[in-house]
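*Asks:* Dropping a structure here in structure tokens format, bear with me for questions.
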Amino acid sequence: MMAYFIGKTALKIIKGNIIYQDTEAIVNAANSSLLGGGGVDGAIHRAGGPKILEECKEIRSRQGECPTGQAVITSGGNLDAGYVIHTVGPIWSGGGNGEDELLRSAYRNSLSLAREHGIRSISFPSISTGAYRFPVDRAARIALRTVYDFIYSGAELKEIRFILYSDPVLKEFESAWNELSNIERD
């Protein structure tokens, strides 16, 4: 685990499984249907139990599917986290279809929902880098820069964790953080 500070906010980059995090909220890399799926999405729905799916269905009945880059919030069901913020990251199609901005929006909208609900600690997976094939190095830089900018915009979060499932993804996030923090010191 690597721990850093952005102002008063602790930033942790950890290899692990997001469903076991005890932050107030965890972020689900959801699909637009909000009905569960594979990867992180399926794991969160299975571990959280039927309450999360029930709440996702209620959201769908009110607003339809969740568009790419947007986020919605449910309870955490059976998870240690009290909330799950479901966000839809972009499917990588070469980088010419606004994927970077959509990924930025997914992180920013998740953080904004946390702020609106008074959530002070949040755990993120690496959004869109699994089945959606977003290049991990690029995604890590976008994720960390978005979090960095959000904190310096006046957000009062106590802790932000990136919970990364594999060593290669962990290394990309660590590298991206080192690059970003060196730029900010210059």
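The values are calculated or read from the model by the stated rules, or taken from the named source; none is laboratory data. The structure presented is a predicted model; accordingly, all values stated were derived computationally and were not measured. Counting neighbours? That spans all protein chains shown, and the Cβs are built from the backbone with ideal geometry, glycine included.
*Asks:* Within the stretch 5-18, can you find the residues that are surrounded by 14 or more Cβ atoms within 10 Å (Cβ to Cβ) and in a strand (DSSP E or B)?
*Replies:* Of everything in the stretch 5-18, those that are surrounded by 14 or more Cβ atoms within 10 Å (Cβ to Cβ) and in a strand (DSSP E or B) turn out to be ILE6, THR9, ALA10, LEU11, LYS12, ILE13, ILE14, LYS15.
*Asks:* How about the stretch 57-73: which of its residues are closer than 27 Å to ILE142 by Cα and either assigned to a helix (DSSP H, G or I) or among the hydrophobic types (A, V, I, L, M, F, W, C) (or both)?
*Replies:* If the condition is that a residue be closer than 27 Å to ILE142 by Cα and either assigned to a helix (DSSP H, G or I) or among the hydrophobic types (A, V, I, L, M, F, W, C) (or both), then CYS66, ALA71, VAL72, ILE73 are the ones that fit.
*Asks:* Being surrounded by 20 or more Cβ atoms within 10 Å (Cβ to Cβ), touching a residue at least 40 places away in the same chain (Cβ under 8 Å) and assigned to a loop (DSSP other than H, G, I, E, B) narrows it down to one residue among ILE91, ILE44, ILE119; which is it?
*Replies:* ILE119
*Asks:* Which of the residues that make up the stretch 149-168 are outside any strand (DSSP E or B) and surrounded by fewer than 21 Cβ atoms within 10 Å (Cβ to Cβ)?
*Replies:* The answer is ASP149, ILE151, TYR152, SER153, GLY154, ALA155, GLU156, LYS158, TYR165, SER166, ASP167, PRO168.
*Asks:* For the stretch 22-31, indicate whether the set of residues that are in contact (Cβ under 8 Å) with a residue 24 or more places away in the chain, closer than 18 Å to ILE163 by Cβ, surrounded by 18 or more Cβ atoms within 10 Å (Cβ to Cβ) and charged (D, E, K, R) is non-empty.
*Replies:* Scanning the stretch 22-31 turns up at least one residue that is in contact (Cβ under 8 Å) with a residue 24 or more places away in the chain, closer than 18 Å to ILE163 by Cβ, surrounded by 18 or more Cβ atoms within 10 Å (Cβ to Cβ) and charged (D, E, K, R).
*Asks:* Among the residues of the stretch 34-90 satisfying the criterion of being in contact with a Pro (Cβ under 8 Å, 6 or more places away or on another chain) and of a type in the set (A, V, I, L, M), which is modelled with the highest pLDDT?
*Replies:* Applying the filter and picking the extreme gives VAL88.
*Asks:* Consider TYR152 against the criteria (1) closer than 16 Å to LEU180 by Cβ; (2) touching a helix residue (DSSP H, G or I) at 6+ places or on another chain (Cβ under 6 Å); (3) at pLDDT below 95: it satisfies all of them except one. Which criterion is unmet?
*Replies:* Evaluating TYR152 over (1) closer than 16 Å to LEU180 by Cβ; (2) touching a helix residue (DSSP H, G or I) at 6+ places or on another chain (Cβ under 6 Å); (3) at pLDDT below 95 leaves (2) as the failure.
*Asks:* Where residues in the stretch 94-103 are among the charged types (D, E, K, R) and under 14 Å from TYR132 (Cα atoms), which of them is surrounded by the fewest Cβ atoms within 10 Å (Cβ to Cβ)?
*Replies:* Here the residue is ASP100.
*Asks:* Is it fair to say TYR107 is buried (at least 21 other Cβ atoms within 10 Å of the Cβ), of a type in the set (Phe, Trp, Tyr) and either at pLDDT below 95 or under 18 Å from ASP41 (Cα atoms) (or both)?
*Replies:* Answer is yes for this residue.
*Asks:* Anything in the stretch 153-170 that is farther than 13 Å from ILE119 by Cβ and touching a residue at least 12 places away in the same chain (Cβ under 8 Å)? List them, or say none.
*Replies:* Result: PHE162, ILE163, LEU164, TYR165, SER166, ASP167, PRO168, VAL169, LEU170.
*Asks:* Can you tell me which residues in the stretch 1-30 are more than 13 Å from the chain's Cα centre (by Cα) and over 14 Å from SER123 (Cβ atoms)?
*Replies:* Across the stretch 1-30, the qualifying residues are MET2, TYR4, PHE5, ILE6, GLY7, LYS8.
*Asks:* Given the conditions (1) in a loop (DSSP other than H, G, I, E, B); (2) surrounded by 21 or more Cβ atoms within 10 Å (Cβ to Cβ); (3) touching a Lys or Arg at 6+ places or on another chain (Cβ under 8 Å), report the number of the one that THR129 does not fulfil.
*Replies:* (3)
*Asks:* Regarding the stretch 77-84, can at least one residue be identified that is crowded, with 18+ Cβ neighbours inside 10 Å and without any contact (Cβ under 8 Å) to a residue 40 or more places away in the chain?
*Replies:* yes
*Asks:* If you scan the stretch 133-144, which residues turn out to be more than 13 Å from SER175 (Cβ to Cβ) and surrounded by 18 or more Cβ atoms within 10 Å (Cβ to Cβ)?
*Replies:* PHE134, ILE142
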